[in-house]
Each structure stands twice: as structure tokens, then as C-alpha cells.
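J.: Okay, handing you the structure first.
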Amino acid sequence: MSYSKLLYTFENGVGLITLNRPEALNALDAQMRAELRDAIGRATAEARVLVLTGAGRAFCAGQDLGSGQSLAQSDLERLLREEYAPLITAIATCPLPTIAAVNGVAAGAGASLALATDVVIATESARFIQAFTRIGLIPDAGGTHALPRRVGTARAMGAMLFGEAVSARQAAEWGMIWEAVPDEGFTPHWQARAAQLASGPARAYRALKEALRASPGNDLESQMQLEAHLQGDCARSEDFREGVLAFLEKRPPDFSGR
Ligand code: LHQ
């Protein structure tokens, strides 16, 4: 598939998707959603880390509100079931570490998109807006699942009911995101984070993501059984042998991902 609404590059193990409709603050239309799903599949097949970011001054302003008339007439239930749900699921269940490099405002489904990734790194001037109630809708695209799990119900409720912008710094303080970094140096910062994950122990990353995903639904005993199973697998990896050897030889490890 060739892309007209996003850019995709694959370099040094990093699959980078840049939402590319800066004139509409990278709002999600049907074409962009289809391209996103395709590009996520591509990255999952060839990369060791997936990064999502936005072109221009925004990360993503959510659903393309385009002509309000046509949106009001469209079947939002179908749109959510058939287009948004598979997209968010593809990100949330991606076996690779995923990063949202939030370069500017993330609103509505754009915030949900960022919160579906593993690590959200935002520039300090970025804002997260649960904009849905401003237009008479409820948060969607997995937002009612992700946000309360990240920040607790009280903060999720407030953010969603008031629809106020939450600054990147506030988001980091709340634990909504991993970190807010100064605008100057933002790009090299997330690039270094991505490079670190791309050269890390891919098999262990995959297993730790599986463990963390299962955690909310498990009691301690079941979770420890799962850890034992996954750790048994990691212990058979080349990366574990290399990690221990590198430690003993006092040098940085050279992980192959196997
Ligand atoms: C846009 C958009 C946009 C199109 C800015 N669409 N053009 C909903 C329905 C269906 C099913 C699935 O789920 C959803 C979930 C949702 O995502 S609902 C929430 C949708 N998003 C919003 O309500 C956010 C709308 N945007 C805004 O509130 C503001 O643009 C923010 C706060 C993001 C940024 O404000 P400013 O920095 O002041 O920029 P701006 O408002 O001037 O926007 C710049 C341009 O981008 C402007 O176009 P123009 O031609 O006038 O320069 C906007 O119309 C366009 N744009 N968001 N979602």
C-alpha cells in the first residue's frame, strides 16, 4: 500500500509512522485510518520498535470533523467497531515496544491513539484534551479503558467531564504519560529512546508486555505463574546468555533479539 496521509520509514530497527495532514492537525479520516493499520502491520513485521508521531504542530486532533453534516449522518457505531477498534487493538497488542512521540496537541481519538502505546513521550508544550464531550460525545477509541487505568477514576472523570486541556507536565505528574521533555531537543530525545529499545532484548520486551497486559485481570498467584512461564522462555534466549556474559565481562550487551 502506498501512503498519502502518513509517512512511513524503517531505519535501524525503528518503524516510524508520521501522521501527515498538518493542515488539519493530523485529524483521522478513513484513508488515514486504513493507512495506519497497514503501516502498523508493516512495522510489526520488520521493526524492533514502533514510533507514532505527527507532522507539523499537532500530534493528532482526533476524528476528522470535516463537514459536521456528513459526520452527523454517518454511522459512528460502525466506524468505531470496524475502523477504530481494530486500529487501537493493533497498537495495544503489538508485540514490539511502541512509543507515541507527542509533538503537540493530542485531542479526542488522537489522545486515545497516544494512550494505546506503551510509552508516551510528549514535548512540554503538548496538551492532551478529552475533547469528546465538547461535541456531545463520550470518549472512545479505547480511551475509557486506557485513561482510568493510567491515572485512576477521579482524574479520568475530571479530564473527561470538563474536557480541559491537560498539559504534558501535568500528564507526566499524573502518570498519564512517561515523560514531558523540553521542546528544544524533543526529537533527538525520543529518537534516542527509540534507538535504545530497538537495540534491546526484543524477546524479553515481548514477554514483559504480555505480563503487564494480563496483570489487571490476574490475582497474584496467576500472575506469578505467568511470570514463571514467560521467564522460562526468556531464560532460553540468546539475549539472556549475552546479557549475563556482558555483565561478567563489564561491557555493554549486544542483543540480537533472539
Ligand atoms: C480539524 C480538526 C478535526 C478536522 C482541527 N477535524 N479539522 C468521533 C466521531 C466519530 C467516531 C469516532 O470517534 C470520534 C472521536 C473523536 O475524536 S471526537 C473529537 C474530535 N476532535 C475534536 O473535537 C478536536 C477538534 N479540534 C480542536 O478542538 C482544536 O483544533 C484543537 C484544540 C485540537 C487545536 O486548537 P488550535 O490550536 O486553536 O487549532 P485550530 O482549531 O485553529 O485548528 C487548526 C486547523 O485544523 C483548523 O482548520 P483551518 O482551515 O481553520 O485552519 C481546524 O479546523 C483544523 N482541525 N481539528 N478534528
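J.: I want to verify the translational diffusion coefficient of the chain in µm²/s; compute it with Stokes-Einstein, Rh as the Kirkwood radius over Cα pairs, at 4 °C and 1.567 mPa s.
T.: The calculation lands on 68 µm²/s.
J.: At 0.36 nm per residue, minus the direct Cα-Cα distance, what do Glu238 and Thr93 gain on full extension? Give it in nm, one decimal, please.
T.: 49.8 nm
J.: Test of understanding: given the chain, find the longest segment containing no GluC sites (Glu not before Pro) that are in a DSSP loop and have at most 10 other Cβ atoms within 10 Å.
T.: 1-183
J.: Could you run the Karplus curve 6.51 cos²θ - 1.76 cosθ + 1.60 with θ = phi - 60° over the range 43-54 and give me ³J(HN,Hα) per residue in whole Hz, x for Gly and Pro?
T.: In residue order, the calculated couplings are 4, 4, 6, 10, 9, 10, 8, 10, 10, 10, 8, x Hz.
J.: Given H placed on each backbone N at 1.01 Å, which residues far from Val49 in sequence or on other chains put an amide H within less than 5 Å of it?
T.: Gly15
J.: For the chain, take the longest principal axis of its alpha carbons; what is the angle in degrees between that and the long axis of helix 202-214, to the nearest 10 within 0 to 90?
T.: Result, in degrees: 60.
J.: On a C-alpha basis, how far is the centre of the range 82-112 from the centre of the range 209-233 in Å? Whole number, if you could?
T.: So the separation of the two Cα centres works out to 24 Å.
J.: Could you work out the relative contact order of the range 76-181? I mean the mean sequence separation of Cα pairs under 8 Å and 6+ apart, divided by the number of residues, in percent.
T.: 28 percent
J.: Say each of Leu71 and Arg149 gets a label point 7 Å from the Cα, pointing the same way as Cα to Cβ; how far apart are those two points in nm?
T.: Placing both labels 7 Å along Cα→Cβ, they lie 2.6 nm apart.
J.: Looking only at Met157, Met32, Met224, which one moves most when the chain is put into a Gaussian network model with springs between Cα atoms under 10 Å?
T.: Result for the chain, Cα springs under 10 Å: Met224 fluctuates most.
J.: How big is the gap, in Å, between the Cα center of the range 35-52 and the Cα center of the range 113-177?
T.: Cα centroid to Cα centroid, the span is 24 Å.
J.: Hey, can you grab everything whose amide H is under 5 Å from the amide H of Gln63? Only 5+ residues off in sequence or another chain; H modelled, so Pro and N-termini drop out.
T.: Leu28, Ala109, Gly110
J.: Read phi for every residue in the range 182-198 and hand back ³J(HN,Hα) as whole Hz from Karplus 6.51 cos²θ - 1.76 cosθ + 1.60, θ = phi - 60°, with x for Gly and Pro.
T.: The phi angles translate into x, 4, 6, x, 4, 4, x, 5, 6, 5, 5, 4, 5, 4, 4, 5, 5 Hz.
J.: Apply the Karplus parameterisation 6.51 cos²θ - 1.76 cosθ + 1.60, with θ equal to phi minus 60°, to every residue of the range 162-173 and state each ³J(HN,Hα) to the nearest whole Hz, in sequence, with x for glycine and proline.
T.: 7, x, 7, 5, 9, 5, 4, 4, 4, 4, 5, 4
J.: Same structure again: For an R0 of 22 angstrom, estimate the FRET efficiency from the Cβ-Cβ distance between Glu46 and Arg213 and round to the nearest 0.05.
T.: It comes to 0.45.
None of the figures in this text is laboratory data; all of them are computed from the coordinates on show. Computed from a predicted structure; not experimentally measured. Methodologically, a virtual Cβ is constructed for each residue, glycine included, from the backbone with ideal geometry; neighbour enumeration extends over all protein chains shown.
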